[in-house]
Each structure stands twice: as C-alpha cells, then as structure tokens.
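Q: Right, I'll just put the structure down here and ask away after.
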2 protein chains.
Amino acid sequence: MTAGYQIDDASLDQLDAERALYGPFTQAIRELVDAAIRTTASEDDVRRAQAEVEAVTERLRAPGLTGPYGVRFRQDGHSRAWGNAVVGLRNAVAPPLVITADERGVHSEFHLGAAYEGPPGSVHGGVLSLVLDQMLGQAAGAGGRPGMTATLTLTYRRRTPLGDLSCRAWIERVEDHKTWARGELSGPEGVTVEAEGLFILPRWARERLGEGGEPSPRFFE
Amino acid sequence: MTAGYQIDDASLDQLDAERALYGPFTQAIRELVDAAIRTTASEDDVRRAQAEVEAVTERLRAPGLTGPYGVRFRQDGHSRAWGNAVVGLRNAVAPPLVITADERGVHSEFHLGAAYEGPPGSVHGGVLSLVLDQMLGQAAGAGGRPGMTATLTLTYRRRTPLGDLSCRAWIERVEDHKTWARGELSGPEGVTVEAEGLFILPRWARERLGEGGEPSPRFFE
C-alpha cells in the first residue's frame, strides 16, 4: 500500500473501546464549538472558558501528538477514517456524517447547525460541496469503484436552511478506471443542491489491481 | 434588507473589544479540535478532558444562546460574518481564512492541519471546494458584483498536502446580474485545484438596486 495508509492489528474490541471513548469526547467539542459561536456569556466568563480550554489542550498534548489521523486499516480491510473532515469520529470539524450504503448507492441524514453557516440562517454553499464530495466519493467506493475526485460540479437550486438535512449519491456510469457519480442534497422543502463528480482510480492502485491485488472499496473515503 | 441580515449600532471600539475577546477564544478551541484528533493521552485523561469541556460548554450556555451568528452590519456597512464556516472569527470550524482584496481580485494564505484531512496527509477534496466557494464569492463581491453561488465546478489537478496553502480568485466576466469568477488553490508544488463559479444577484437585491438602493459589496460573503 502507498504511504499514509496504515495497516495495524487493532482488535475489534479495542476499536469498540476507542469508539466509545473518542466519539462522546469529540461530540463534546462539537457542542463547545457551537456554544462559542452563540454564547451570550460575560467577557469574564469567556476569558475563563478560554483558560480552561487551553489547559485541557495542554494536557492532551503533553504525552505527545501523532501526525494527522490518516486512514487506518485492520488486516481484514476494516477501515477507520476517524480524522476525516466530513465523517471523522475524532474530528470536531466533521458534523460527522453517518453514511449508509443501499442497493441504489449511499444516503445520509444529518444536522448542520451554527458552525456550518454561510448566508444568515443558511448552510454555507461550500459546506454543501464538502458534504457532496464525500457522498459521491463514497457512492463510487460502495459500488466497488473507489477513486479520487477529479472534477466536481455543483448546481445550487435554492437556499439550504441550517437544520436537518439529507443527502444521497449513486454511480451514474463507469468507463475503464473512471467513475461518474451523482448526488443530491435536500432540506425540508426538497432538493437544494445537485452534484456530479468524476472519480479516478490512481495509477498505483490500478497497477496493484493489474497484479491481482484488490484495493479496498473503502480505500479512498 | 431581507430577514437574517442584522444592522446594529455597535461602535468600532466595541467591535475591536469583541474581536480581541472572541478571536483568541475561538483559536484556543481550534487548537483543542486539533489536539483531540492527534492526542496520545490515556483513557482517563481523555475522559477528564471531556468532563471539563462539557463544564465549559454548560457555563457558556447558561446565560442563553442566540441563534446562528448570521451576518451583522453596522450602519456604515461594515460587516461581520463571524459565524461563517470559512472566515468566521467566532467559528472554530473555520480555519479561518483572512482574505485580502487587490487590483486583480482576492487572495489568501492559510494553514490547514489535521482537522481538514481527507486522504492520508492530504486536504479533503470537499474542504478545497469549501475554500474556493468562499474565495470566488468574495472575488465577485470585492469587484462590486455580489451574488449567491449558482454553480461551482472544481478541477482537481493533483493532491493537496496538509500544511501551508494559498488561494486567489478573480472575476472572469459579467453579464446583467450574472458574474463568472475563477480561482486556483496552490500548495508548495504549485496549483492543485482550479475552480469556476457563477454567482447571481438575488431578485430582492436587484429590486433594491432598481429602487436606487445599493447592496453592500460585502453583503453575500
């Protein structure tokens, strides 16, 4: 495998324990991010909050930090993209999306609050493209056609309000190592954004396929 | 003005004070987000950190929360998009970008760390589209052609490594209330992503223009 993708021998029990530890911790930070935008606390209270956050960060850093999380794999191919900016269990920037594959592609229901705002009360257009890039890439992967984004085109039909949203994506067509995927993101009043993307399997992965190797469908998520 | 855009009578001194308070506070949270992804602290230390973060959040929430930040204006047109997912001073999800206008458009130098990861060691393709959407929109606004994103097309030329990056964007052409903007994002080895977007001035703003009103160029940032 190429550099950056790590294979380890973590047991499933160990992964369950890590999930139970880091999931709620990261969720607590997401709630802090939201409260920091919307708080009406006094100046003194904000300063005190800052000092406490800094103290927590210092303690988390004390034993040393690893690099970025990367994508880690078990020997059986089970992958963890826990640092990922959209789906990462350990990344407070990620909403995080929980994406489910079905016979038609992938879908997800999620909530975007104050931290994802662009125009007042609306989701940032770029956040919508962030979500759709991930969804289309996972649709390609779930269909056994993993790849890196080559092009992505977004068409914004109407405003997307902050709140409960959903998204689905599917493979539109395939040709050699190219996969075209489509998707749409919806708010309470229907589809707000449509996306089309081209995903390409990198050369090193194609060479691996040529050697009879099988890149994991979840390899590029 | 339309709902969601608030005009207030904040003094410049008051805004400086808010900037000095919330800027470092939000930066402290960004560092917590990064440390939470990369920490090697013990389970006990992570649990303790979680309890402390939850206590801070509870105190920030106690005096009440406002809605999402929205975009706030002074009477003189000075705007604050402090909740914005890309440039927001009070939003820990935002890197945040500091975007400067020049005679050719807009540009920004910024750093994207572990919280913006997609493929191992690389910036998430969707994060790149998030940055470019904001940059193209601000290029349109800086050129006196504010609008909402109608379409956005990204072409990914090569991998974008996490780290120090730059981006620039400019207006390509205009036609009635439509503005086409282009931009490119670069890493240490040159341009990694190109973008083209169409931005359209919404009808309510055009009607306001027809009445002789002048929507702020920074209105849609």
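Q: Per residue, what volume in Å³ does the Cα convex hull of segment A:17-175 take up? The partial results should precede the final answer.
A: Values: hull volume 24.9 nm³, N = 159.
Spread over its residues, the Cα hull of segment A:17-175 gives 156 Å³ apiece.
Q: Enter the mean number of other protein chain beta carbons within 10 Å of the beta carbon of each residue in B:78-89, as an integer. Don't skip to the answer; put the middle values down first.
A: Values: counts 0, 0, 0, 5, 2, 9, 7, 13, 4, 2, 6, 1.
Mean partner shielding for this stretch: 4.
Q: Over segment A:98-210, calculate the relative contact order: mean separation of alpha carbon pairs under 8 Å at least 6 apart, over the residue count, as a percent.
A: Details: 244 pairs, mean separation 32.1, N = 113.
Result for segment A:98-210 is 28 percent.
Q: Say a label goes 7 Å from Cα toward Cβ at A:PRO24 in every copy; what distances in nm does this one have to the rest, shortest first?
A: From this label point to the equivalent ones elsewhere in the assembly: 3.3 nm.
Q: What nm distances, shortest first, do you get from the label point of A:LEU12 to those in the other copies when the point sits 7 angstrom along Cα to Cβ?
A: Spelled out, the distances from A:LEU12's label point are 6.5 nm.
Q: Please report the projected area of the protein assembly as shown's Cα convex hull averaged over all directions, in nm².
A: Values: hull surface 85.9 nm².
Approximately 21.5 nm², given one-decimal rounding.
Q: If you rank A:GLU52, A:GLU58, B:GLU117, A:GLU175 by fewest surrounding Cβ atoms within 10 Å, what's the result?
A: Details: A:GLU52 16, A:GLU58 12, B:GLU117 30, A:GLU175 8.
So the residues, fewest neighbours to most, are A:GLU175, A:GLU58, A:GLU52, B:GLU117.
Q: Please arrange A:GLU43, B:GLU18 by how many other C-beta atoms lie within 10 Å of their C-beta, fewest to most.
A: Details: A:GLU43 12, B:GLU18 17.
Fewest-to-most ranking of A:GLU43, B:GLU18: A:GLU43, B:GLU18.
Q: Taking each residue of A:39-50 in turn, how many C-beta atoms of other protein chains fall within 10 Å of its C-beta, and what is the average? List each step's numbers first, then the result.
A: Values: counts 12, 7, 7, 1, 5, 0, 5, 8, 3, 3, 9, 9.
Partner-chain Cβ atoms within 10 Å, mean over residues of A:39-50: 6.
Q: Compute the relative contact order of chain B as a whole-number percentage, counting only Cα pairs closer than 8 Å that sit 6 or more residues apart in sequence.
A: Values: 373 pairs, mean separation 37.2, N = 221.
Reported relative contact order: 17 percent.
Q: Round to a whole angstrom and tell me the spacing of the C-alpha centers of segment B:128-150 and segment A:102-157.
A: 19
Q: Next question. In nm, what does the list of distances from A:GLU103 to its counterparts in the other copies look like, shortest first, when each label sits 7 Å along Cα to Cβ?
A: 6.3
Q: In which sequence would A:VAL193, B:VAL86, A:VAL46, A:VAL174 go, from the one with the fewest C-beta neighbours within 10 Å to the one with the most? Write out the running numbers ahead of the final one.
A: Details: A:VAL193 25, B:VAL86 28, A:VAL46 19, A:VAL174 15.
Arranged by neighbour count, lowest to highest, A:VAL193, B:VAL86, A:VAL46, A:VAL174 become A:VAL174, A:VAL46, A:VAL193, B:VAL86.
Bear in mind that the values in this text are calculations on the coordinates, not laboratory data. From a predicted model like this one, the values you see are computed outputs, not experimental measurements. Using ideal geometry, Cβ is built from the backbone for each residue, glycine included, and neighbour counts are taken over all protein chains shown.
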